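Have a look at the structure below, then the notes.
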Amino acid sequence: EAVIAQTPLDAVVLSGMGVDNVLCPFIDNEKVRLRAHLLGLLQKVDRVYVVPNGTDEGMRWARSVFEQVGDWRCRVVQLDGYSRDLRCPKDWEALKRKAVRNIGVRVASAVDWLAEVDHVYEGGESVKGYPTKLEPLDKLFGGWRGGELTILAGEPGAGKSTLAAFLSLLQAGLGRSVLHMTFEVSASQMVRKWVQMVGGAPVEEMERSDYVRARKSLARKKLMLPAVRGVVGLDDVERVINDCVARMGVGHIVVDHLGFIGDHLGDRSLSQQLGITASALKRLALSNGVHVLALAHLRKKVAGEERGRPGLSDLFGSALVSQLADNVMVVRRPADIRKGNEVKDPSSSANHRTLVDLIKVRDDSGYEGVVKLGFDPRSLRYLPL
């Protein structure tokens, strides 16, 4: 951990008490700008304690420090009086235990945000966000938007994990850094799937030249995966996401899937745990300005019930998850394909049709509806029909 003090006196007192890694920038107001070598050091610590002078100006200084170091890493320490009143390290440890992450809600005039609108007007990034690069989906959905949570659901075997992996590969192809958090399969299995998508055929059937070409292409892409399988803690997921955004510039995140996050249920039901996880992912999307795509299951069908076009009530944990999500997509295969009524050409991607139902789109840049895709089982690619 490290400490950033607003005044040199506070820094000297804390250092004299034996506190390690105490820093003090040259500027003590909201115009403070931490130098590159300090930011490089601070990115290597798990926790940064910020010590303002307790005035309104001090809080503005602390807020500026938070923005540069990363909100998730910082805690603000409120001194009870002056630092010179601290008698021993136990006093400092007591203050640390009372340190808070939230330093108040910032209120600004609409005028302060006009610069972002000017950027859009002058031809900057579209207000719809960045494209998925899957044309039929972009036409209806409008692209991924920072600060939003999208739920991608489907029945087992519908292809939601493969579609999510393909969408991650498309983002990496645009030069965007992608964090693909899959807990159901190993990282090597996921990378093998991406090599197959890039090479256009199963790995074991590729010629050596094709395999080398696909391998080199994938190695140039900014795709990151966690080296863990099975259930993981929500705190660990938050730490990894915040760290990858801060240090690696990740702009697109996939979580596969919601059911693998949570140390234990305790007195909570699985539906409540899914809601807590979805809430945390939404908060992470907002605080980091990234888009989070999280996979989820549909609830089991009741005996004798024929599922038609899915709705929000079909989501497992629907009460909380569907409310928190900005967008909800459901992957499904048409009934005629499931019953074996295939098209004449078995090699055609139309023979493996997939429907993506957009059943909720919160932003007015997109629309609810159905996206029709073809699926090539050899390359694992989704293609416009």
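The values are calculated or read from the model by the stated rules, or taken from the named source; none is laboratory data. In this text the structure is predicted, and so the values were computed from the model without any measurement. FYI the Cβ positions are ideal-geometry reconstructions off the backbone, even for glycines, and counts take in every protein chain you see. Accessible surface is based on the protein model in full, side chains and every heavy atom, while ligands, DNA and RNA are left aside. Shrake-Rupley method; radii C 1.70, N 1.55, O 1.52, S 1.80 Å.
Of all residue pairs spaced 6 or more apart or on separate chains, those with beta-carbon atoms under 6 Å, a first member in the range 146-175 that is over 24 Å from Gln323 (Cβ atoms) and open to solvent by 10 Å² or more (accessible area, probe 1.4 Å) and a second member that is assigned to a loop (DSSP other than H, G, I, E, B) and not small (Gly, Ala, Ser) are Thr162/Leu380; Leu170/Lys133. Looking across the range 86-98, the residues that are closer than 16 Å to Pro52 by Cβ and part of a helix (DSSP H, G or I) come down to Trp92, Leu95, Lys96. Taking the range 95-120 as the range and being surrounded by 12 or more Cβ atoms within 10 Å (Cβ to Cβ) and modelled with pLDDT of 75 or more as the test, the residues that pass are Leu95, Lys96, Ala99. Considering (1) surrounded by 11 or more Cβ atoms within 10 Å (Cβ to Cβ); (2) over 27 Å from Cys244 (Cα atoms), the lone condition that Arg73 does not fulfil carries the number (2). For Leu14, the conditions (1) open to solvent by less than 30 Å² (accessible area, probe 1.4 Å); (2) in contact with a helix residue (DSSP H, G or I) (Cβ under 6 Å, 6 or more places away or on another chain); (3) of a type outside the set (Phe, Trp, Tyr) are fulfilled apart from (2). Just one of (1) touching a Leu at 6+ places or on another chain (Cβ under 7 Å); (2) assigned to a helix (DSSP H, G or I) trips up Glu67, so point out which. Exception for Glu67: condition (1).
Which members of the range 2-11 meet the condition of being open to solvent by less than 60 Å² (accessible area, probe 1.4 Å), in contact (Cβ under 8 Å) with a residue 40 or more places away in the chain and part of a helix (DSSP H, G or I)? It would help to see each step written out before you state the result.
Applying the first criterion (open to solvent by less than 60 Å² (accessible area, probe 1.4 Å)) to the range 2-11 yields 2-7, 10-11.
With in contact (Cβ under 8 Å) with a residue 40 or more places away in the chain added as a condition, the list becomes 2-7, 10.
The one that is open to solvent by less than 60 Å² (accessible area, probe 1.4 Å), in contact (Cβ under 8 Å) with a residue 40 or more places away in the chain and part of a helix (DSSP H, G or I): Asp10.
In the range 212-230, of all residues being exposed (fewer than 13 other Cβ atoms within 10 Å of the Cβ) and modelled with pLDDT of 85 or more, the one that is farthest from Leu274 (Cα to Cα) corresponds to Val212.
To keep it simple, each residue is scored yes or no on (1) among the aliphatic types (A, V, I, L, M); (2) more than 23 Å from the chain's Cα centre (by Cα); (3) over 25 Å from Lys133 (Cβ atoms).
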{"residue": "Gln196", "(1), (2), (3)": "no, yes, no"}
{"residue": "Pro202", "(1), (2), (3)": "no, yes, no"}
{"residue": "Tyr211", "(1), (2), (3)": "no, yes, no"}
{"residue": "Lys216", "(1), (2), (3)": "no, yes, no"}
{"residue": "Leu223", "(1), (2), (3)": "yes, no, no"}
{"residue": "Ala246", "(1), (2), (3)": "yes, no, yes"}
{"residue": "Val250", "(1), (2), (3)": "yes, no, no"}
{"residue": "Phe260", "(1), (2), (3)": "no, no, yes"}
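Working only within the range 121-153, note down all residues that are in contact with a His (Cβ under 8 Å, 6 or more places away or on another chain), of a type in the set (Gly, Ala, Ser) and either over 23 Å from Arg333 (Cβ atoms) or at pLDDT below 90 (or both). Residues satisfying the conditions are Gly129, Gly146, Gly147. May I ask you to list pairs of residues, at least six apart or on different chains, whose Cβ atoms are under 7 Å apart, with the first in the range 311-323 being among the hydroxyl-bearing types (Ser, Thr, Tyr) and the second being at pLDDT 80 or above and not in a helix (DSSP H, G or I)? Here the result reads Ser322/Val328; Ser322/Lys360, each pair linking the range 311-323 to a residue that is at pLDDT 80 or above and not in a helix (DSSP H, G or I).
Does Ser348 count as modelled with pLDDT of 90 or more and among the small types (Gly, Ala, Ser)?
Details: modelled with pLDDT of 90 or more: no; among the small types (Gly, Ala, Ser): yes.
No; evaluated as a whole, the condition is false for this residue.
For Lys282, indicate whether it is part of a helix (DSSP H, G or I) and touching a residue at least 40 places away in the same chain (Cβ under 8 Å). Judged against the criteria, Lys282 is a match. If you go through the range 22-34 one residue at a time, do you hit one that is assigned to a helix (DSSP H, G or I) and surrounded by fewer than 20 Cβ atoms within 10 Å (Cβ to Cβ)? No, because not a single residue in the range 22-34 is assigned to a helix (DSSP H, G or I) and surrounded by fewer than 20 Cβ atoms within 10 Å (Cβ to Cβ).
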